[in-house]
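Student: Mind having a look at this structure? Questions to follow.
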Amino acid sequence: MLDCIAVGIGGFLGSVGRYLIGKIPMKNPTLFPITTLLINIAGSFLIGCIMAIAAKNSNINPRLILFLKVGICGGFTTFSTFSLETSELINSGEILTALIYVIASVGFGLLAVILGQYVIGNGAV
């Protein structure tokens, strides 16, 4: 139960952080989603740092790792988890699996958004 609380608090903080960063005014935000790109890159960098530190320090409380990795990074952007999993596949020599994962995640994710918009009847399609 404490693990769930740690993840929940971290998720709250990550989500609020993403929301607040998204409120920063950008020039021509409709031309390119730069804020989302920067959030995804920052989240990916952060989760990479967290996992590297955790790998070097076995005495770190696993609940703290959950709070940071699943909670904060997961709330901030699930793209960070996607990037970490892809990196782990590549590092374990599963290059083809990583490639399939990337293509399937992006391709099917995009198709799912379009399908959801179509089903509801409120999308650009």
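Student: Within region 39-55, can you find the residues that are exposed (fewer than 15 other Cβ atoms within 10 Å of the Cβ) and over 11 Å from the mean Cα position of the chain (by Cα)? Steps first, please.
Tutor: In the first step, residues of region 39-55 are kept if they are exposed (fewer than 15 other Cβ atoms within 10 Å of the Cβ); the result is 41, 45, 49, 52-53, 55.
Cys49, Ala52, Ile53, Ala55, listed by residue number.
Student: Cβ-Cβ under 9 Å, sequence separation 6+ or interchain: first residue in region 102-125 and under 27 Å from Ser80 (Cβ atoms), partner at pLDDT 90 or above. Which pairs?
Tutor: Val102/Thr86; Ser105/Thr86
Student: Quick test for you: out of Ser58, Ser15, pick the one residue that is open to solvent by 70 Å² or more (accessible area, probe 1.4 Å) and of a type in the set (Gly, Ala, Ser). Break it down into steps so the answer makes sense when it comes.
Tutor: Values: Ser15 fails: open to solvent by 70 Å² or more (accessible area, probe 1.4 Å).
Going through Ser58, Ser15 in turn, just one is open to solvent by 70 Å² or more (accessible area, probe 1.4 Å) and of a type in the set (Gly, Ala, Ser): Ser58.
Student: Output the number of residues of region 79-116 satisfying the condition of being surrounded by 13 or more Cβ atoms within 10 Å (Cβ to Cβ) and either small (Gly, Ala, Ser) or outside any helix (DSSP H, G or I) (or both).
Tutor: Residues flagged as surrounded by 13 or more Cβ atoms within 10 Å (Cβ to Cβ) and either small (Gly, Ala, Ser) or outside any helix (DSSP H, G or I) (or both) within region 79-116 amount to 6.
Student: Further question: Quick test of your reading of the structure: Asn59 fulfils all but one of (1) polar (S, T, N, Q); (2) in a helix (DSSP H, G or I); (3) modelled with pLDDT of 90 or more. Name the failing condition by number.
Tutor: With (1) polar (S, T, N, Q); (2) in a helix (DSSP H, G or I); (3) modelled with pLDDT of 90 or more applied to Asn59, the lone miss is (2).
Student: So, in region 57-101, exactly how many residues are on the phi < 0 side of the Ramachandran plot and either without any contact (Cβ under 8 Å) to a residue 24 or more places away in the chain or aliphatic (A, V, I, L, M) (or both)?
Tutor: 31
The values are calculated or read from the model by the stated rules, or taken from the named source; none is laboratory data. As the structure is a computational prediction, the values presented were derived from the model and not from experiment. All Cβ positions, glycine included, derive from the backbone under ideal geometry; neighbour counts span all protein chains shown. Areas reflect the complete protein model, heavy atoms only, side chains present, ligands, DNA and RNA absent. Shrake-Rupley method; radii C 1.70, N 1.55, O 1.52, S 1.80 Å.
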